[in-house]
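Working notes, structure below.
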């Protein structure tokens, strides 16, 4: 991943010992190396808009026009020009929806922002640079408050992001939590037998297209959605219907994700559609658990493992 000019101009300083500067050690975690650096530190980057003329002049960096509501999942959501000074930011990375052996899972980055120094524009920049499908910004640990960003925009909810955030905040405080505050409302949390569960109103989840494939073998043979017009789709097939075991794959090209390793919100919607608890074998080996909840809500859960880490040198 190339280093943009404004980062090369930055004045770097040592992070506090408690901070995790996270990256991918290809010698220890080959699978994760594809995602690129997952920690970024900024300091004293004044007037980012002046340092980023290409971003400033982009059609995506224009003011929202009044009277034109924006879909939270619209990739062309207008962006304000980046002109505020950035602050130091660090990220921890967890693998969410691992199998029983603690392998696979979908990585998510967790960034501290309890002091509120990261503007939405800088958060978006960080989320784009992590190279992950979602990055979570923790705004408060005492009353757990989070915001979730994809590489392109803020979104109300993502399954693996919420599960990872719940586990991360519990670890940091060495305590159990029962709720997260998300952008569009509360996300209920529970943990049992090593599984972290989140429950949310289905209206907060992305509008996944969900389509059944005849057999797991046919599903494995696909190299993308069955119809090119399907920009965000969950494809699935029964492995064992009696036991509620499913094989699934997710393609979301419209959202910048060629194939998602583990899609929590999509599996949640599938479980609610079928009206039963599911064990979903997703991606290359991840395991997502999903089930209906109270009316209008669903639950998704899985195992979380802290990823291998290393310092990232972007100088």
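For this structure, a couple of remarks:
- Considering only the stretch 204-305, percent of DSSP beta bridges that pair antiparallel, nearest 5: 70
- In the stretch 204-305, the convex hull through the Cα atoms has an average projected area of 6.6 nm², a quarter of its surface area.
- The alpha carbons of the stretch 150-220 occupy a box of 45, 30, 23 Å along the principal axes, longest dimension given first.
- Footprinting exposure proxy for 101, 121, 261 (fewest neighbouring C-beta atoms within 10 Å first): 101, 121, 261
Bear in mind that the values in this text are calculations on the coordinates, not laboratory data. Values in this document were obtained by computation on a predicted structure and should not be read as measured data. Note that each Cβ is placed from the backbone with ideal geometry, even for glycine, and that neighbours are counted across all protein chains shown.
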